[in-house]
Structure formats: structure tokens, C-alpha cells
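The values are calculated or read from the model by the stated rules, or taken from the named source; none is laboratory data. The structure presented is a predicted model; accordingly, all values stated were derived computationally and were not measured. Positions of Cβ are generated from backbone atoms using ideal geometry, with glycine treated the same way; all protein chains shown enter the neighbour counts. When the accessible area is computed, the model is the full protein with side chains, heavy atoms only, and any ligands, DNA or RNA have been set aside. Shrake-Rupley method; radii C 1.70, N 1.55, O 1.52, S 1.80 Å.
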Amino acid sequence: PLRAELPRARAIAGRQAIVDACFDALSRRQSIAITGRSGIGKTTVGMTIAKRWGQARVFWFTVRPGLNDSLSAFAFSLGYFLRGLGASNAWRQLVADQGEVNAERILGLIRHDLSTLSGDPILICVDDSDQLRPEMSAHGQVIRFIEALSHLTPLLSLSQQSLFDAEQQFVLSSFTPEETQQLLALEGLSLGQAESTLLHAATRGHPLLIKLSAMLLREGETADAIARQLNGERSAQAMFARVWKRLNDGERTILMALSVHRLPAPADVWQAHDAALQRLMRADLVHLDLQGGISVTGHVRDFVRERIPPDALPTLHLHAATVREARGEYLE
């Protein structure tokens, strides 16, 4: 919980109106929920807002079931973050209580800590917040705690379905034809109007499918061939299977090794494979954060794990454990 998350903002196509509206509402201390399908760009929009807010004052928390989906993990993370800003009352109490979290007492101390920062408030951003299940008692504690915080400081929730009773909600829809063309341009592709329109129709403007299509285009496939594939089966899994075949053995090995890490892995472990990493990052299959961490992009991690041969999984876990243990980090 003490490893603060600092996502790296990426170039963004379209969405400027939503980014502006969200930033304006958050500046007025409102709570915001951004929802939409997997791969539609919620995290990218959130990162853009965080960069504009000032990342040093953004508490970013990605819910990872089984790892940090407890009140203790959330409270310790937030307390440690506030301590770094010079507001350490909640942190000192958490340390004194030796792991026990009294929600009411800690909330009161966090309220006091936030009041000392009120002139330059922090933004709390909870990514994948719908991984919290209200019917689970432990998750219910976290939900109530975060909802109470939303009355004290701006809150941004990113999820497929809204979990919190936010004051404003924004639903991300598919890209327009113009936004599709913008995204293709960001991917380094200059397509004619006919090809761009064809891909927009085939992907239905879904950003993840557009990005996967862009990688295939860079590998020499034609827009017609990609459109035929998508018209047969409009699924990210089918498109990723096609991308997977285009990767070399080294690139597949890196993706599989990274996919078993629940948290960003130290990027320096793979520094000898810079060319492969650059290609994977260009395809948006992996991304770096601002603290030297690297991870498989959330919406493709499951696709990668499905392709790990069962007999290779123990070796990959052992490698991950060795990486963590060498840095003195806790692991199961």
C-alpha cells in the first residue's frame, strides 16, 4: 500500500469536452463518476485530468481484488500520501494502532489533514472502483469510507458501472469518425478518408479496437483485411489474437512475464530489451508509470494470461517473486 501510484498521462484523441467539464466540476469540489465499457478510455481520460490537476496532488488508487481491496489498505495508502504533503495526523495514528483501523477515528483525522490542504486540495481518483462489491462487508466499509471522503475533497471514480453516488456522471461513448482519425494520427498513421471511414465503421469507434487495428496496419495489414476480420467478429479478443501472432517470441515472453505482476514491475528488469518494450508501448500493450514501473495495459492483461502455457506459469511466478524479493518487497 505504500507504493504510491503515479500513472503517466498519454496522448489523447477527442474527449476534450469531457475532460474540461470534469475538471471544472472537480475544481468546484464536486464528485465525478466516469463510466463506460472496457477499453473505451476511462483511465486515459482520468490520467489526463490528473496531469492537469497536478499529479503531485493526485491520490490515485486502482482497486485490485485480493490485494488492496480493504479499508486498511486504502487508509494506509491515503495516510501515507497525505504524510508526503506534510499532513501526517492520520498516518501517525495508523502507525500507533499497529494495523488496526478505526474508520471513524481515521476519517476524522483525515478530515483534519485535508483541512490543512484546503487552499490547494488534493484529488482522489479511484480506478476500477466497480471491483468493490457492495454486498461484501469488507468492500462496504471501503465504499462508505470513500463516499465520506467525497464530501471533503474532490473525488473522481472510473468504472464500467457507477458505484458511488457522484454529483455528476459522464458516460464515455465510442469515437466519432473525426476522433477515430485523430487517434489513428496519434498512432502515427496517415490514412485516407476512405480507409479511416472503413476502420471507423468496422470498429464502431471503439478506441481499443482502433489501437489494435493501428498496430496491424503498421505491420503491413490493409484496412480492408482488418475490416473483414472485424465484420466477422467485433471483439477485442479476436483482434488481440491477430496482434499476438504478429509479436516475436521475445515480445510475447515480456508480456507474459509482466502479466503475472499484480502491481507495476520495476522497468529496469527489462532494460536489455528496450527495442521490444518500445514496440509494445507503441502498441499500447504495456505502459510506464512515473515511478519506474511497467505493467501490461489493464484491458489486455487477461488476454495475455490466457495464452500462458500452464507449465510456464510457475517459472513466471518464480521470476516475479525473485524480482520482488531482491528489492526487499513483501510477497506471498
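Go ahead and estimate [θ] at 222 nm for the chain from helices alone: -39,500 (n - 2.57) per DSSP H run with n ≥ 4, summed, over the residue count, rounded to 500.
Working: 15 runs with 168 residues, N = 332.
It lands at -15500 deg cm²/dmol.
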Project the alpha carbons of the range 8-113 onto their principal axes and report the range along each, largest first, in whole Å.
-> 48, 31, 22
Among L26, A103, P314 - extreme Cα towards positive end, dipole of the chain, charges at beta-carbon = L26
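List the relative contact order of the range 68-174 as a percent without decimals, with contacts defined as Cα pairs under 8 Å and 6+ residues apart.
Numbers: 108 pairs, mean separation 29.1, N = 107.
Relative contact order, the range 68-174: 27 percent.
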antiparallel share of DSSP beta bridges within the chain, to nearest 5, in %, is 30
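Note down the magnitude of the dipole of the chain about its Cα centre, charges +1 on Lys and Arg C-beta and -1 on Asp and Glu C-beta and zero elsewhere, to the nearest 20 debye. Walk me through the intermediate numbers first.
Numbers: 35 positive and 36 negative charges, 54 e Å.
Dipole magnitude for the chain comes out near 260 debye.
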Carbon and sulfur atoms: what percent of the 1.4 Å accessible area of the range 61-162 do they account for?
-> 44
Using the alpha-carbon atoms, what tilt in degrees (0 to 90, nearest 10) does helix 223-232 show relative to the longest principal axis of the chain?
-> 70
For the range 243-332, give the magnitude of the charge dipole about the Cα centre (Cβ charges: +1 Lys/Arg, -1 Asp/Glu; no others), in debye to the nearest 20.
-> 280
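Hey, what did the range 169-307 get for relative contact order, percent, Cα under 8 Å, at least 6 apart?
Values: 135 pairs, mean separation 27.1, N = 139.
Worked out over the range 169-307, it gives 19 percent.
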Hey, can you rank 147-156, 198-207, 238-247 by average C-beta count inside 10 Å, highest first?
-> 198-207, 147-156, 238-247
Per-selection Rg to Rh, the range 133-219 - Cα, Kirkwood hydrodynamic radius | 1.21
So how strong a dipole does the range 191-302 carry about its Cα centre when Lys and Arg Cβ are +1 and Asp and Glu Cβ are -1, to the nearest 20 debye?
-> 260
Under Stokes-Einstein, with the Kirkwood radius over Cα pairs standing in for Rh, what whole-number D in µm²/s applies to the range 104-170 at 10 °C and 1.306 mPa s?
-> 124
Taking only protein heavy atoms into account and a 1.4 Å probe, give the accessible area per residue of the chain in Å².
-> 47
